[in-house]
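One structure below.
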Amino acid sequence: MTGAVPALPVRDDLRGRSPYGAPQAGRAGVGPVVQLNVNENPHPPSAGLVADLARAVGEAARTLNRYPDREAVALRTDLAAYLTRQTEVPLAVEQVWAANGSNEVLQQVCQAFGGPGRLALGFEPSYSMHPLLAAGTSTGWRGVPREKDFSLSVDVAVAGVREHRPAITFVTTPNNPTGTPTSLDVVEAVCEASEGVVLVDEAYAEFSSATSAVTLLERHPRLLVSRTMSKAFALAGARLGYLAASAAVVDVLRLVRLPYHLSALTQVAARVALAHEAELLGSVAAVRAQRDRMVETITSYGLRVVPTESNFLLFGPFEDPPAVWQALLDRGVLVRDLSSSPGLAGWLRVNAGTESETTAFLTALENVTP
Ligand SMILES: Cc1ncc(COP(=O)(O)O)c(C=O)c1O
């Protein structure tokens with residue numbers, strides 16, 4: 001900011017903070033690259049799905065003079081059916097909530113259950129948006145460190161919750177950015193130790209073989225499980241995230257959502273994608289195969305990989321991760337440098353690409369590794 005511009009009367013607790021900012025390929029000074037830095041699914045929709053989407057969106061466009069269904073009932077019904085199929089837990093539409101990406105779901109959770117004078121807690125390193133969403137809703141933040149190998153034990157988790165008594169506890173499984181799964185024993189122990197709500201962020205659940213925390217919902221009324229269509233469903237551009245919880249939790253989220261927050265076009269696009277579940281989730285096996293190939297090849301370069309249950313992995317350690325990040329970018333591959341975050345010194349993160357994208361990454365890394 002230049003001296004001539006008067007300081008903006010921004011909230012004290014936001015002054016000096018940085019926005020979320022993973023670089024985007026083709027934008028903000030990053031040329032065309034193989035983009036492996038934001039854990040997307042590399043497989044674009046098939047021609048058949050694109051045609052179905054275009055037809056359904058075209059149909060919905062006829063009534064865009066009207067507001068969309070404020071309750072998104074048809075979409076939430078489809079999401080409940082999908083989660084029921086996936087987890088074998090019968091879920092009613094009243095137990096499922098949807099918003100523009102799971103980030104918006106998480107923001108609504110912070111608005112409804114956090115706020116001034118309350119704390120949210122996470123087990124770090126973890127998803128960087130959790131503390132940012134807490135900050136945006138004037139919710140205090142406490143980060144409890146994971147073990148050196150990024151695992152989370154019942155003892156550490158429960159001690160953190162007992163010490164800080166958070167209104168919201170975030171448990172991310174598989175964890176981003178480490179790929180580490182969290183056992184359901186930890187989730188249960190956190191639920192039992194906690195007076196607040198417990199949000200299990202399962203953004204990457206479909207890539208993992210672990211049992212979903214949805215199976216614990218019946219026993220723990222303050223447990224919330226968030227999911228997204230951005231990853232396994234390969235629908236990041238449509239912005240659709242959702243949550244399963246008790247009907248009472250969903251009712252509370254209605255108090256903070258904006259009216260008509262989910263556009264008619266988003267609702268219809270997500271429903272079409274859910275109708276193509278088999279095709280879209282069919283890419284999960286290919287993504288996992290490329291991830292496994294990455295693990296094997298990176299290890300053969302003499303580097304280490306943190307064991308992962310997701311579509312991405314941490315690799316290193318490097319003495320100068322920003323230099324390796326830049327060297328990979330110079331060779332046309334964009335990965336994520338989170339090495340300045342607490343607990344992540346030395347590591348870079350990369351997500352599995354298509355076969356050719358993965359080859360481009362592995363070739364670039366081979367040339368960069370001493
Ligand atoms: C752990 C985790 N949760 C939530 C999200 C948000 O995803 P979206 O808002 O696209 O649903 C991400 C995105 O990378 C994530 O890594």
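All of the numbers you see were taken from the coordinates with simple rules; none came from a lab. As the structure is a prediction and not an experimental result, all values here were calculated from the model. Every residue, glycine among them, receives a Cβ derived from its backbone with ideal geometry; neighbour counts consider all protein chains shown.
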Euclidean distance between Cα centres, the stretch 59-109 to the stretch 166-195, Å = 24 Å
Here D for the chain, in µm²/s, from Stokes-Einstein with a Kirkwood Rh over Cα pairs at 37 °C and 0.692 mPa s, works out to 152 µm²/s
Sorted by chain and number, the residues with a modelled amide H under 5 Å from that of Val171, at a separation of 5 or more or across chains, are Leu199, Val200, Asp201
What is the stretch 84-175 by shape, rounded, prolate or oblate, if you read a ≥ b ≥ c off the alpha carbon gyration tensor as root eigenvalues and call it rounded for a/c under 1.5, prolate for a/b larger than b/c, and oblate otherwise?
-> oblate
Two-decimal Rg/Rh across the stretch 215-353, once Rg and the Kirkwood Rh are taken from alpha-carbon atoms = 1.06
Considering amide H positions built from the backbone, and no H for Pro or chain starts, which residues 5 or more places from Val333, or on another chain, come under 5 Å of its amide H?
-> Val34
Cα-derived Rg to Rh of the stretch 52-119, Kirkwood definition = 1.08
Take the Cα atoms of the stretch 300-370, find their three principal axes, and give me the spread along each one in whole Å, biggest first.
-> 33, 27, 21
Under the Karplus relation with 6.51, -1.76 and 1.60 and θ = phi - 60°, whole-Hz ³J(HN,Hα) for the stretch 248-258, x at Gly and Pro, equal 5, 4, 4, 4, 5, 5, 4, 6, 10, 5, 6
Between Ala286 and Ser153, what is the spin-label point distance in nm, taking each point 7 Å from the Cα along the Cα→C-beta axis?
-> 4.2 nm
Quick one: plug the Kirkwood hydrodynamic radius of the stretch 239-304 (C-alpha pairs) into Stokes-Einstein at 10 °C, 1.306 mPa s, and report D in µm²/s.
-> 101 µm²/s
In order through the stretch 141-150: 3J(HN,Hα) via Karplus (6.51 cos²θ - 1.76 cosθ + 1.60), integer Hz, x for Gly, Pro | 10, 10, x, 9, x, 6, 5, 4, 8, 6
